[in-house]
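Accompanying notes for the structure given below.
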Amino acid sequence: MNIIDTHFHYSKIESFFNAAKNNGVNYSKEGFVMETKENNIVAGVCMGLTESRNGCFPDNKASTPMNYDLDEMPDNFYFCAGINPLDLGCRALSDLEATLNREDCAGIKLYAGYYHYFVSDDVYDPVCRLALKYNLPIVIHSGSTYSSRGLLKYSHPLSFDELAVKYPDLKIVIAHFGNPWIMDTAELMYKHKNVYADLSGILEGKEEMFDRLTGEELYMNRFKTALIQADHYDRFLYGSDWPLAKMEVYIKFIKKMIPEKHWDKVFYENALNVFKKIKGGIQ
């Protein structure tokens, strides 16, 4: 089965290198190519992210649009332009629009929680208008923040409801299924036809951690119940959040969560409906 990974990282972020080392991941182009080939990852979208000095993400000095800087990416892999809401002046918006015209730019990423703005704040209106202009989705970080400096009130999925109402034609992807507020995310998907969710970053760590938690019936039932509540397997996207876990380990985890009859949609087809630029790259 071919897979599209709609949420991974490819940036020189200190915490990613540390996590990769702890989890036995080779966080490099060589490691990325190896894992994608071994797991039939034929395309994907990385989340644009930069930090001006090691360990400072969320970085108030990062320039919009944030890109990726680990290495050159292989063919058929794309990125979402990261947004720093503190840097959205005329120059930044001009640079963002130029970036959105690139063939390898498949969307926009908002780091809710990391940056202390609600996504419905007027500061993001120019970004949303550009997304609509170029028919690109906006991916929003949701749920727990990897940094203790994040504020959860901004990353709670219910705070995205206003944005979905404000821009009903904007494709909104709630990253990480809003974990731990997965039932709230499910309600947003049930309510809004323009809301999707990716399944990245729900767990991170070594395979032993995944084995222990997936063996707990009550733990897995939380997600299965939320999936049923959302009632839209056509709007869930596979993502690994690599390098926070090995790709093989994360694929097995999501396969335990998603009924097999929906695997083709979640692991492949839905990504093509959201990230339109990927289509030309799939053979």
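The values are calculated or read from the model by the stated rules, or taken from the named source; none is laboratory data. Since we're looking at a predicted model, the values are computed, not measured. Heads up, the Cβs are rebuilt from the backbone with ideal geometry, glycines too, and the neighbour counts pull from every protein chain shown. With ligands, DNA and RNA removed, areas are computed over all heavy atoms of the protein, side chains included. Shrake-Rupley method; radii C 1.70, N 1.55, O 1.52, S 1.80 Å.
Quick notes
- For Y196, the residues whose modelled amide H falls within less than 5 Å of its own, excluding neighbours fewer than 5 places apart on the same chain, are I172, V173, I174.
- Scalar couplings 3J(HN,Hα) for the range 2-12, obtained by applying the Karplus form with A = 6.51, B = -1.76, C = 1.60 to θ = phi - 60°, are 6, 10, 10, 9, 8, 7, 9, 10, 8, 10, 7 Hz; x denotes Gly and Pro.
- Within the range 190-283, trypsin sites (Lys or Arg not before Pro) in DSSP loop having at most 13 other beta-carbon neighbours inside 10 Å: K193
- For the range 224-283, diffusion coefficient by Stokes-Einstein and Kirkwood Rh (Cα), 20 °C, 1.002 mPa s, µm²/s: 171 µm²/s
- GluC sites (Glu not before Pro) lying in DSSP loop within the range 188-283, provided at most 11 other Cβ fall within 10 Å: E216
- Solvent-accessible area per residue, Å², over the range 55-112 with all protein chains present [probe radius 1.4 Å]: 39 Å²
- Close amide H partners of Y78, meaning residues 5 or more places away or on another chain with modelled amide H under 5 Å apart, are G44, V45, C46.
- Carbon + sulfur, % of accessible area of the chain - ligands and nucleic acids excluded, 1.4 Å: 48 percent
- Principal axis box of the chain, alpha-carbon based, largest edge first, Å: 50, 42, 41
- Within the range 9-106: Cβ-based charge dipole about Cα centre, in debye rounded to nearest 20 (Lys, Arg +1; Asp, Glu -1): 260 debye
- Per-residue ellipticity at 222 nm computed for the chain from its helices equals -9500 deg cm²/dmol, with DSSP H segments shorter than 4 residues left out and the rest contributing -39,500 (n - 2.57).
- Solvent-accessible surface of the range 123-166, taken per residue with a 1.4 Å probe and all protein chains present: 43 Å².
- Trypsin sites (Lys or Arg not before Pro) within the range 96-142, DSSP loop, no more than 16 other Cβ atoms inside 10 Å: R102
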